[in-house]
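Just below is one structure, and these are the notes that go with it.
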Amino acid sequence: MREANAATGRQSIYVPNLMGTPTVVLEQLKLAQDEGVGAVMIAPMLLGLPFLAEIVRDHATVPVIGHPSFGGATRIRPELLYGKLFPLYGADATIFANFGGRFAYSRDTCRGLADALVKPSEPGVLPTLPMPAGGIKYQNVADVLAFYGTEVILLIGGGLYEAGDDAALTARAQEFVRHVAEARG
């Protein structure tokens, strides 16, 4: 990432996923931070919400992104789980299924979730960046940003990888960056 940032003049970050026992996760976190990563990702419902809080409070020097794995969102409202509990326990950004994707929530659910993240109702809870994911296409960036606003992290993967070979992937990634820049004005 350092080489790519130096070559492009941009500030991209690598976000490793931390997984394992608490001891292993803390070792992974230390290594990631020592290597200068820009953020880390954990699945709070796999590792535990109290462990998320401990990581944020005692160990992390970089932003922590909450991943929805094992969230059981069919049993608890996404606006509560991802929009309130993840931030309450310290997530700096929360990934959730965007409308229109393969694991999609409705537009109303996504709106409620994003609003809960950026305008927390609990005293002392900081705003959390929404991170919609799943089914976002690089050519739809303007629409996604119009819906969520510019204080958002766009998680786009499959929409880029479906391009095929490395050259096509590079071209599509560059087009995605251009679409984001144009949408932000």
Fill in the blank from the handout: Expected max-MSF residue from TYR161, TYR148, TYR105 in the GNM of the chain (alpha carbon, under 10 Å) is TYR161
Exercise for the section: Assuming R0 = 25 Å, can you tell me the calculated FRET efficiency for the pair TYR14 and THR150, based on Cβ-Cβ distance, to the nearest 0.05? Expected result: 0.65
Handout entry: Neighbour-count order for MET131, MET41, MET1, fewest beta carbons within 10 angstrom listed first
Key = MET1, MET41, MET131
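Dividing the convex hull volume of the Cα atoms of the range 107-185 by its residue count, what figure in Å³ per residue is obtained?
Taking only Cα atoms, the range 107-185 has a hull volume of 88 Å³ per residue.
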Handout entry: Per-pair calculated FRET efficiency, R0 = 41 Å: ARG77 and ALA163 via Cβ, rounded to 0.05
Key = 0.70
Completion exercise
Rounded to one decimal in nm, the spacing of the 7 Å Cα→Cβ label points at PHE70 and GLN139 is 3.9 nm
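Tell me which trypsin sites (Lys or Arg not before Pro) from the range 2-60 have a DSSP coil assignment and no more than 12 other beta carbons within 10 Å of their own. Could the numbers behind the result be given before it?
Numbers: sites: ARG2, ARG10, LYS30, ARG57; in loops: ARG10.
Here the sparse-neighbourhood loop sites are ARG10.
Quick one: compute a quarter of the convex hull surface over the Cα atoms of the range 57-140 and quote it in nm².
Averaged projected hull area, Cα only: 6.2 nm².
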Exercise for the section: Have a look at ALA114, SER69, ALA7 and report the one farthest towards the positive end of the charge dipole of the chain, computed about the Cα centre with Cβ charges (Lys/Arg +1, Asp/Glu -1). Expected result: ALA114
Exercise for the section: List, in order, the whole-Hz ³J(HN,Hα) value for each residue of the range 116-123 obtained from phi through the Karplus relation with A = 6.51, B = -1.76, C = 1.60 and θ = phi - 60°; use x for Gly and Pro. Expected result: 4, 6, 8, 10, x, 9, 8, x
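For a distance above 23 Å, tell me the whole-number percent of Cα pairs in the chain that qualify. Please list the in-between numbers first.
Values: 7700 of 17020 pairs.
Value for the chain: 45 percent of Cα pairs lie more than 23 Å apart.
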Fill in the blank from the handout: In a Gaussian network model of the chain with springs linking alpha carbons closer than 10 Å, the residue among PRO132, PRO50, PRO78 that fluctuates most is PRO50
Exercise for the section: Would you list which lysines come within 28 Å of LYS119, measuring only between C-alpha atoms, while excluding same-chain residues fewer than 8 positions from it? Expected result: LYS84, LYS137
Practice task
Using a Gaussian network model of the chain whose springs link C-alpha atoms within less than 10 Å, name the residue from PRO127, PRO44, PRO22 with the highest mean-square fluctuation.
Solution key: PRO22
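We did not get these values from a lab; they are worked out from the coordinates using the rules stated. Not measured: the values here are computed from a predicted model. Backbone-built Cβ (ideal geometry, glycine too); neighbour counts: all protein chains shown.
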